[in-house]
Amino acid sequence: MSLLEQYALLLALAIGIVGSVFCLYTLARAIGPTRKESGKDVPASSGVLSRDPVWGRYHARYYGYALLFLAFDMEMAFMYPWAVVYKEVGMVALLDMGVFLAILFLGLLYGWSQGAFRRQ
Amino acid sequence: MLPLVSLTLFLPLVGAVLILCLPKPTARTVHSIAIASAALTLVGALAMWLQGVSGDGFSQVEELVWMPAIGAAYRVGVDGISLPLVLLSAVLFLVSFIYTSSLRDRPRAYVALILLLETAAIGTFTALDGILFYVFFEVSLVSMYFMIAGWGHEDRQRAALMFFIYTLLGSLPLLLAILGLYLGSPDPTFDMRAWIANPPLEGAAAMWALIAMLITFAVKIPAIPLHTWLPAAHVQAPTVGSVILAGIMLKFGTYGLVRFALQMTPDALRDAGIVVLFFGVVSAIYGAFAALAQTDLKRLVAYTSINHMGYVIVGVAVAALTLDPSVRAVALDGAVLQMFSHGLVTGALFFLVGMIQERAHTREMGEFGGLLKTVPLLGWSFVLAAFASLGLPGLAHFPAEFQIFLATLGTTPIAVVVILGIAIIAGTFLKALRETFLGEPRDRWNKMPDLSPREILAVAPLLVLTVATGAAPSWVLDVIHRTTLALVL
Amino acid sequence: MTVVIVLLALLGSAWLLAVIEGWITTGRLSPAAPLYSGLAHLGRESIVPRSPDRVFFEAAPVLLLVVAVLGMAVLPLAPDLVIADLGTGGLFINAALAYVLVAVIMAGWGPDGAYAMIGGWRFLGQLIAYSMLIVMPITAVAMRAESLVNTAIVSSQESLWNIVYQPLGFVLFFIAAMALAFRAPFDLPTAEGELGGGVDAEYTGVRLAVLRLARLTLVVTLASATTVFYLGGWYGPLLPPWAWSLIKTLAVAVSMLLAGRYLPRIREADLMRWCWVLGIPLALVNIIIVGLLILVVP
Amino acid sequence: MTVVLIVALLTGAILFGIGIYGALSQTNLVMIMMGVELMLAGAMVNLVAFWRFLHPEAYSGQMFVLVVMTVMALEMAVGFGVAIARFRAKGSVEMEEAEDLKG
Amino acid sequence: MGRDLALIIPEIAVLLTAVGALIAEMLRRPRISLIIAVIGLVVGTGLTLRLLGTDTTVFGGSFRIDTLSIWAKLILLPATVLTMLLARVDVRGSAREGTVYSLLIFSTLGALVLAGAGDTMFLVLGTLLTGLATFALVAYPDTDRATEAAMKFFVFASVTTSIMIFGLSYWFGASGSTLLADLPGIDTMPLAVILGFVAVVVGLGYKASLVPFHFWAPDAYEGAPLSIAAYLSVVPKIGALFALTQVVRDLPPETGWAAVMAGLAVLSMTYGYLAALVQDNIVRLLAYSSIAQSGYFLLGILAVSSSELALPSIILFAAAYAAMNLGAFAVAAATGRSLNDFAGLGRARPLMGIAMVIFLLSLVGIPPLAGFVGKFMLFGATIDAQFTWLAVVAIINSVLSLAVYLRIIVPMGRSGESASVATEPWHGVVVIMAFSATLIIGLGAQFFLV
């Protein structure tokens, strides 16, 4: 299979699943409709409705991690190609990545020392 | 063999550094150091004078590697055109320090600035490298600005600004011209001797360079119509500032005219000679008329400077126009001698006006009268200087102006109308003398003291030199003539 | 053909898993219970809460199901029993599983309910904690296999399974996989005790059925990934390759369920702290150890 | 093949266009950052297309894509850092409310 | 490989210094952090001296060890040291003091990468590295104004950088290589080359705060601590301008880039000084003046392929600019942010006053100060490259600049109620060093003309 065909297959698979789920939904509706009744559609909040959208109430308190995460996640983009050719290149690759990881790790330590891991 | 030129050049700077480095010196110490270094400078200048010039090109050349990569170096030396101006600078600065030695308002900075200015002045006259010349040319501007801004009269900030902006704006075209000369030379160098020996530019490029130079020097000289900064600056400047401004810094312009415009773009100047001549004539006559209209003594003297400098322009223009080397030599002799004399005479005049102002706190001629009786020494000195200025035979300006007119007559006779200027200047000074020194002495000025020994020491050398130059000009002219005669254009 | 087999295997595994889950929780072994439960959900009302973000609300369960299946699609059951043996299979599974986060956040945001919202955002925090522990061990695996092709990764373990070669990586990956599947003790987004179901809370009827199915599938996919990366995939004596794959996958999945049962739920802050302070340095150490091993032991 | 290349380049240009429009028209820092992401995505599409269709032998094209990804991620990281600092200091990340510095 | 590493030893030293400073900060020892930083950078400068005269490339042509990049190190590393001393006063005792030093060094490393860039990817990475560190530095005080400055800076930076990357993608398409040295080989797709060039001008122009990409500069300078403003006006700017030089060196002349540079130069100089004329805040004034000074750099850059004077003039002016601008900022740091604070400075603290006058006159270009020699050479290069009109415009602008700087100088002589703040010793040290540098560069320009 060519690369393109493989991806096409994966796409078809995804569409197929969406389609079958849709069929399931149609089936469910065919079995019995949902009746409109007042109070039924209140979200789970002990029956108390909030006037404002709820998203204002939640604070992401982990952004110290989040910033570090971005850096580390990016590092992986370099590590995958590196990992594949690692055995071929050998020692030099280990040193290269060692330096890279050491600096990155230093960033982690720095973040830690500056309280990035404290709950804000 | 001592590096005389460099010694003379940097002695004042050493003095300035010394003054700035001393911890909390008294005013007396400051002035003593200043006078001592200026005196040493004068000794150096005299030594240079004794060494003399060879006539062919530059003498006493001293050279030091500076920026070989771009062909710039520290090069100094003198010829017959610059040597008298160096001597003039040394003398004028020395008497200025003597005059200013009574100053008690921040003397340290003031004296240091003047010393810096002295180095800049001598440097401008002795520099043989394009960059070096420009450096000194501009440094003088800065120190003069601070002198006027810091120690001038009522409206000093404005006048200083005007002076600064005018002359800086004016000097930048010169920078372009220098760059043009540099890039035009076959083997790029900033050596002015090379530029003089083989003028690097020709055709339109040379004309553009000449125009740039003329703008710069016209501002500095100042020539009509770029002269408006001069009266303001003079009126607001402290006395010593005026003396140096008129006595030396105006010469930067005329010196540059000879050194750069005439020697480095000779063909272009020959083509444009008539125009330059025209501006010279207009400057001379306009300056004379403007002087006539003044009631303020200092402004009056300032405008006579424009007149006298106009003669220099005429002389240089004639030198460019004529084809006869002997006529050219005469014209240039006159022009250079005129610079020298003007420095002496105007210096003396500004000193004397300054002394009057110090005593009377006014410069309006109408408020004086009969001063010759109350302060005879001052009065007679002024009379002598005024007569010198109006060109009386036997005094400094006469031989100079005479030679200029002579050469003009031989080349472009029509330009001799410039003689009109002499008549008007004569009228001007006679009017000034009558109003200020003759007539009935007024009661107001009865208590006016005559010259103090310090002031006599300041003025007397100038007057003596004025008489000496006028009566026996040959001691200066010989030096000048040796170079002008050998000048090949 | 392959597609059908793999999908059937996936469904079958999910069903088995549901049965086993029921067995563990209730003590009764009733193979038909998941089917009944699914059919019952079909018949129930599927309520849409008031003022939802309709697109997010509808898309979340489907997306979760899709990414779980797509993840499975690149994992081999046998040398030729794989839907798409991509050249970047190891990376693709990462990419697919990253959408779990998107789906969960959509499920949290969509219904505009407080519990769901908190559950969704919590999962973002959880992702920040576990995500590096998924990708870093996979790197170490790829280093040994010199490839990101999943079949090649399995082949590289013919002589020695990765669980022996890099046990540290296995432990980290296993834990991270549990967190990714948000099973207990990492079920912060759905925490029954405190959030009343969290992201599940607003789903009813057929939508809930799809969501449940998706979560079960996700567990199977992750177990299969663990098998491929660490347990030598289809290798094993006597039985055919696909059977070994299925057995190992189910074993891992069950062990995930069991492990969660006996551990208390971890606080979000602690999870992040441990993952970053302990987990990531350990993952780096794992990479270095593997690197040295590869150089020293050819 | 060139048709595909042109389509890809057009896609890149359109992404870039949308991104720059967003970055210039939005006032919320986070929205601006999304615009910037789109611009970079456009550049990545370009790079990949050029690499794939014109210079398949030049691995530097792939490297450049990685570099652009890094740029994306780090700019976002620092951008959020700035946004958080701003939010703490001022309680808003609207550009239009940023007018203390003028003159 | 070994050779390449040996050639980038100064960069490695800088990196290690940054790391060392960071480690000291993690141990809560900001003083030691500063000491490590200063020593490390001085050592880095010393290591660079050994390389003088080298002209080669490393890592397959992607990084250049040539006159520009070597002088970039010799200029920027000492400039960073001076900034750190200034910053010491601003951040002493605050949390994360050592971080500031470390960030400064990282940012300088980015500027060095830019200055030696031989590859478009290095342009991107250098821009990124300098940019990221400086956003954080600007936001450091965490106040309303600082964060606002950082936010504007960031938005501008990220948008322009993205534009640059997008344009660079076309360069890759046109040449099939990311090396700048491969650009002259392009003869097809001129449109792609022009697109790329425009984009590079946008990306580097923002960093060098050229008009019309300058909007962030005055705000960022004003909101940031003074030492950081001084840093922004010198190090990243010189890095970006050197990078621009590296780029246009290889650009085929038919693209007409020189004319674009000339236009930008005129815009930057004129607008910068005109805007500076109406500022009352000394920091904003210096910001606009630094915008104008960037325009002067362009005079040299546009001549880079047609005049031998160009490279030395850019380097010389960069050195001069670093010295005088840092000096002016240091005096401002010791005096105050308003023009009124300068009234009477000359009388109250004559040495500060004299130093400030020297710095400003040097910025105008009065001989024999550093600024003059630099500008002189730049004009020479411009005329040599047949852009005489541009030299004339630049000279007229110099006069305009005089008006700008006199607005500071004139009140200094006045007897005024000058703020009689005690001078911080570090301010004094920086002023003295910048002062000596301004004089020495002016008089010893030869040294820079290698």
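The values are calculated or read from the model by the stated rules, or taken from the named source; none is laboratory data. From a predicted model like this one, the values you see are computed outputs, not experimental measurements. Here the Cβ is made from the backbone with ideal geometry for all residues, glycine too, and neighbour counts use every protein chain on show. Just so you know, the surface numbers come from the protein's heavy atoms only, side chains and all, with ligands and any DNA or RNA stripped out. Shrake-Rupley method; radii C 1.70, N 1.55, O 1.52, S 1.80 Å.
Measure nothing fancy, just the Cα-based angle from helix C:280-296's long axis to the longest principal axis of chain C, in degrees from 0 to 90, nearest 10.
So the inclination is approximately 20 degrees.
Give, rounded to the nearest 20 debye, the magnitude of the charge dipole that the stretch B:124-265 has about its Cα centre when Lys and Arg contribute +1 at Cβ and Asp and Glu contribute -1 at Cβ.
That gives a dipole near 260 debye.
By how many degrees, between 0 and 90 and to the nearest 10, does the Cα long axis of helix C:33-43 differ from the longest principal axis of chain C?
Between the helix axis and the principal axis of chain C, the angle is about 40 degrees.
Just flag the trypsin sites (Lys or Arg not before Pro) in the stretch A:66-120 sitting in loop per DSSP whose Cβ has no more than 15 other Cβ atoms within 10 Å.
Passing sites in the stretch A:66-120 are A:Arg118, A:Arg119.
Using alpha carbon centroids, what distance separates the stretch E:220-299 and the stretch B:345-368, in Å?
Comparing the Cα centres of the stretch E:220-299 and the stretch B:345-368, I get a distance of 51 Å.
Taking the Cα atoms of the stretch B:146-198 alone, what are Rg (to one decimal) and Dmax (as a whole number) in Å?
17.4, 52
Eigenvalues of the Cα gyration tensor times 5, then square-rooted: what semi-axes does that give for the stretch C:42-124, in whole angstrom, largest first?
They are 31, 15, 8 Å, listed largest first.
List, largest first, the extents of the alpha carbons of chain C along their principal axes, each in whole Å.
62, 43, 36 Å, listed from the longest principal axis down.
Let a ≥ b ≥ c be the square roots of the eigenvalues of the Cα gyration tensor of the stretch E:53-109; is it rounded (a/c under 1.5), or, if not, prolate (a/b larger than b/c) or oblate?
Taking the square roots of the gyration eigenvalues as a ≥ b ≥ c, the stretch E:53-109 is oblate.
Checking a compactness column here: for the stretch E:221-285, what do you get for Rg(Cα) / (2.2 N^0.38 Å), N being the number of residues?
For the stretch E:221-285, the normalised Cα radius of gyration is 1.41.
Above 20 Å lies some portion of the pair distances; for the stretch C:178-286, what is it as a whole percent of all C-alpha pairs?
Cα-Cα pairs of the stretch C:178-286 separated by over 20 Å account for 54 percent.
Can you compute log10 of I(q)/I(0) for the stretch A:61-113 with the Debye formula, treating each Cα as one identical point scatterer, at q = 0.16, 0.17, 0.20, 0.27 Å⁻¹?
Cα-only, vacuum Debye calculation for the stretch A:61-113: -0.54, -0.59, -0.74, -1.04.
Using only the Cα atoms, work out Rg/Rh for the stretch B:272-349, with Rh taken as the Kirkwood radius, to two decimals. Can you show the working numbers first?
Working: Rg = 13.5 Å, Rh = 12.9 Å.
Rg/Rh: 1.05.
Loop-only chymotrypsin sites (Phe, Trp or Tyr not before Pro) in the stretch A:1-81, please: DSSP not H, G, I, E or B, and at most 15 other Cβ atoms within 10 Å.
Hits after loop and neighbour filter: A:Tyr58.
If you average the sequence gap of Cα pairs under 8 Å that are 6 or more apart and divide by the length of chain B, what percent do you get for the contact order?
Computed over chain B, the figure is 16 percent.
Can you tell which of C:Val100, C:Leu282, C:Gly260 lies farthest toward the positive end of the dipole of chain C, using +1 and -1 charges on the Cβ of basic and acidic side chains (Lys, Arg; Asp, Glu)?
After comparing all options, I get C:Gly260.
In cubic angstrom, how much convex hull volume per residue do the alpha carbon atoms of the stretch E:39-155 span?
It is 98 Å³ per residue.
Would you mind pulling out the separation of the Cα centroids of the stretch C:261-292 and the stretch E:80-148, in Å?
Computed from Cα coordinates, the inter-centre distance equals 32 Å.
Against the 2.2 N^0.38 Å scaling, with N counting residues, where does chain A land? I'd like the Cα-based Rg ratio to two decimal places.
Dividing the Cα Rg of chain A by 2.2 N^0.38 Å gives 1.86.
Please report, largest first and rounded to whole Å, the three semi-axes of the ellipsoid equivalent to the stretch B:168-303, where each semi-axis is the square root of five times an eigenvalue of the C-alpha gyration tensor.
Its equivalent ellipsoid spans semi-axes of 31, 16, 10 Å.
With the contact rule set at Cα under 8 Å and sequence spacing of 6 or more, what percent relative contact order holds for chain D?
27 percent
On the principal axes of its Cα set, how long, how wide and how thick is chain E? Give whole Å, largest value first.
Reported extents, whole Å, longest axis first: 66, 54, 42.
Out of the stretch B:73-117, which chymotrypsin sites (Phe, Trp or Tyr not before Pro) are coil in DSSP terms and have no more than 16 other C-beta atoms within 10 Å?
In loop regions of the stretch B:73-117 (DSSP not H, G, I, E or B), there are no sparsely surrounded chymotrypsin sites (Phe, Trp or Tyr not before Pro).
Calculated from DSSP H runs of 4 or more alone, at -39500 (n - 2.57) each and per residue, what is the 222 nm mean residue ellipticity of chain E, nearest 500?
Numbers: 18 runs with 337 residues, N = 450.
One gets -25500 deg cm²/dmol as the mean residue ellipticity at 222 nm.
Past the 19 Å Cα-Cα mark, which pairs from B:Lys298/B:Lys447; D:Lys90/E:Lys152; B:Lys373/B:Lys447; E:Lys152/E:Lys207; B:Lys220/B:Lys251; E:Lys73/E:Lys152?
From the list (B:Lys298/B:Lys447; D:Lys90/E:Lys152; B:Lys373/B:Lys447; E:Lys152/E:Lys207; B:Lys220/B:Lys251; E:Lys73/E:Lys152), the Cα-Cα distance tops 19 Å for B:Lys298/B:Lys447; E:Lys73/E:Lys152.
With just the Cα atoms of the stretch B:422-487, tell me how far they stretch along each of the three principal axes, in Å, largest first.
59, 34, 17
Report Rg (one decimal) and Dmax (nearest whole number) for chain D, counting Cα atoms only, units Å.
Rg then Dmax for chain D, in Å: 17.1, 54.
Can you give the log10 of the normalised intensity I(q)/I(0) at q = 0.08 Å⁻¹, computed with Debye over equal Cα scatterers of the protein assembly as shown?
One equal scatterer on each Cα of the protein assembly as shown leads to -0.97.
Rg and Dmax in Å for the stretch B:316-360, alpha carbons only: what are they?
Answer for the stretch B:316-360, Rg first and Dmax second: 16.6, 53 Å.
Answer with one residue from D:Gly35, A:Gly115, D:Ile20: the one whose Cα lies farthest towards the positive end of the charge dipole of the protein assembly as shown, charges on Cβ with Lys, Arg +1 and Asp, Glu -1.
The residue sitting farthest along the positive end of the dipole is A:Gly115.
Please report, in cubic angstrom per residue, the volume enclosed by the convex hull of the alpha-carbon atoms of the stretch B:283-418.
On the way: hull volume 12.4 nm³, N = 136.
Expressed per residue, the convex hull around the Cα atoms of the stretch B:283-418 is 91 Å³.
Taking the Cα centre as origin and putting +1 on Lys and Arg beta-carbons and -1 on Asp and Glu beta-carbons, what dipole magnitude results for the protein assembly as shown, to the nearest 20 debye? Numbers along the way, then the final one.
Numbers: 78 positive and 83 negative charges, 625 e Å.
Using Cβ point charges on Lys, Arg, Asp and Glu, the protein assembly as shown gives about 3000 debye.
Between the stretch C:200-214 and the stretch B:223-260, how many Å separate their Cα centres?
95 Å
Tell me the net charge near C:Leu258. Cut-off is 13 Å between Cβ atoms, C:Leu258 excluded, with +1 for each Lys or Arg and -1 for each Asp or Glu.
Neighbour charge sum, excluding C:Leu258 itself: +1.
When the Kirkwood radius is taken over all Cα pairs of chain B, what Stokes-Einstein diffusion coefficient follows at 37 °C and 0.692 mPa s, in µm²/s?
Once the numbers are plugged in, D ends up at 148 µm²/s.
Would you please state the base-10 log of I(q)/I(0) at q = 0.16 1/Å for the stretch B:45-141, with intensities from the Debye formula using one equal scatterer on every alpha carbon?
Taking Cα atoms of the stretch B:45-141 as identical point scatterers yields -0.74.
Please identify the helices of chain B, taking whole runs of DSSP H, that span at least 30 Å along their own axis as judged from the Cα atoms and have a mean Kyte-Doolittle score of -0.5 or higher. Please list the in-between numbers first.
Details: long enough: B:27-51 (36 Å, 1.26); B:130-151 (32 Å, 1.66); B:156-184 (42 Å, 1.40); B:266-292 (37 Å, 1.48); B:297-321 (36 Å, 1.22); B:325-360 (51 Å, 0.94).
Length and hydropathy pass: B:27-51, B:130-151, B:156-184, B:266-292, B:297-321, B:325-360.
Tell me which of A:Leu67, A:Ala44, A:Cys23 sits at the most positive position along the dipole axis of chain A, charges placed on C-beta atoms (Lys, Arg +1; Asp, Glu -1).
A:Ala44
Can you tell me what percent of all Cα-Cα pairs in the stretch E:256-449 are more than 21 Å apart?
Considering the stretch E:256-449, 48 percent of its Cα-Cα pairs are separated by more than 21 Å.
Build a GNM of chain E with springs between Cα atoms under 10 Å: which of E:Gln279, E:Gln386, E:Gln293 gets the top mean-square fluctuation?
E:Gln386
Ignoring everything except DSSP H segments at least 4 long, calculate the 222 nm mean residue ellipticity for chain C; use -39,500 (n - 2.57) per segment, divide by total residues, nearest 500.
Here the helix-only value at 222 nm equals -23000 deg cm²/dmol.
How large is the helix-only mean residue ellipticity at 222 nm for chain B, computed as the sum of -39500 (n - 2.57) over DSSP H runs with n ≥ 4, divided by its residue count, in deg cm²/dmol to the nearest 500?
Values: 20 runs with 349 residues, N = 489.
Result for chain B: -24000 deg cm²/dmol, rounded to the nearest 500.
If ligands, DNA and RNA are left out, what is the accessible area of E:Ser94 with a 1.4 Å probe, given in Å² to the nearest 10?
Surface open to solvent at E:Ser94 totals about 50 Å².
How big is the charge dipole of chain D about its Cα centre, in debye rounded to the nearest 20, if each Lys and Arg gets +1 on its Cβ and each Asp and Glu gets -1 on its Cβ? Present the calculation step by step, with values, prior to reporting the outcome.
Working: 5 positive and 8 negative charges, 31 e Å.
My answer is approximately 140 debye.
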